[in-house]
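What follows is one structure encoded as structure tokens, with my remarks underneath.
The values are calculated or read from the model by the stated rules, or taken from the named source; none is laboratory data. Bear in mind that the values here come from a model prediction, so they are computed numbers and not experimental data. Note that we place each Cβ from the backbone using ideal geometry, even for glycine, and neighbour counts take in every protein chain shown.
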Amino acid sequence: MTSSVSASNRSCYPRTAPLAAHSSNPRREVRYGCVKFSWVTFSCQRSRAPDVPLQDCWHNVVVSNVVPLNAAASPLRILVVDDHLDGVRSLVQLLRARGHTVAFAINGFAALEEARIFKPQVVIVDMRLPDMTGIEVARQLKHEPDLVGVRIIALSASPEYLRKAEDNGLVEFVLKPATADVWETLLEGRGKRAADNPGGS
């Protein structure tokens, strides 16, 4: 707010003057006695990536409609749950390059909410998350009525979690960092066939 006052007229108005009410007009002026007040108002909007739905801005990106040339024969709906952003980004890009539809979350509560909406066929979940363990996420996913039969793959950089995963019914375990061949075999090769035929037929 700026004001200009003539030195010879300082005594013809009080020391303070009321301000005009806020308006959508970016520039306003008001006179009070011999003083003219002027000000400019600004509006602030939350910024987000272009063309990204607001509700997905914090943990998901736009899914491309382009089908890659090396797409998997049977693309899957995969949810990746990990709080290591670099690892999430790399794995999501790798899976999408194979033609899978991929969503991701960076904590357990976000994963449960995303799973209810996204309804994945496969969930890849890190064993250590900031708000709960991967085992707790897996346990709650198995009780979701719309996720009956969902395939859950445990993920960790610590081999010690292999035994914990097995003790809690998570028979598929991947040690980080895993190569593209490991994921391709697990999701599209022998691992997929074993998941489709749990009885070994």
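Take the residues in the stretch 177-201 that are at pLDDT 90 or above, of a type outside the set (F, W, Y) and touching a helix residue (DSSP H, G or I) at 6+ places or on another chain (Cβ under 7 Å), then tell me which one is farthest from R151 (Cα to Cα). Steps first, please.
Here is the first cut: in the stretch 177-201, the residues at pLDDT 90 or above are 178-187.
Remaining after also requiring of a type outside the set (F, W, Y): 178-182, 184-187.
Applying the additional criterion that residues be touching a helix residue (DSSP H, G or I) at 6+ places or on another chain (Cβ under 7 Å) yields 180, 185.
Values: A180: 19, T185: 15 Å.
Ranking the candidates gives A180 first.
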Going through the stretch 91-106 one residue at a time, which ones are under 7 Å from V80 (Cβ atoms) and either in contact with a Pro (Cβ under 8 Å, 6 or more places away or on another chain) or part of a strand (DSSP E or B) (or both)?
V102, F104
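Residue by residue, here is whether (1) in a helix (DSSP H, G or I); (2) touching an Asp or Glu at 6+ places or on another chain (Cβ under 7 Å) holds:
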| residue | (1), (2) |
| --- | --- |
| F109 | yes, yes |
| E114 | yes, no |
| I117 | yes, no |
| P130 | no, yes |
| I135 | yes, no |
Filtering the stretch 75-113 down to residues that are touching a His at 6+ places or on another chain (Cβ under 7 Å) and aromatic (F, W, Y) yields F104
Considering only residues of the stretch 130-170 that are more than 19 Å from F109 (Cα to Cα) and among the charged types (D, E, K, R), which is surrounded by the most Cβ atoms within 10 Å (Cβ to Cβ)?
K164
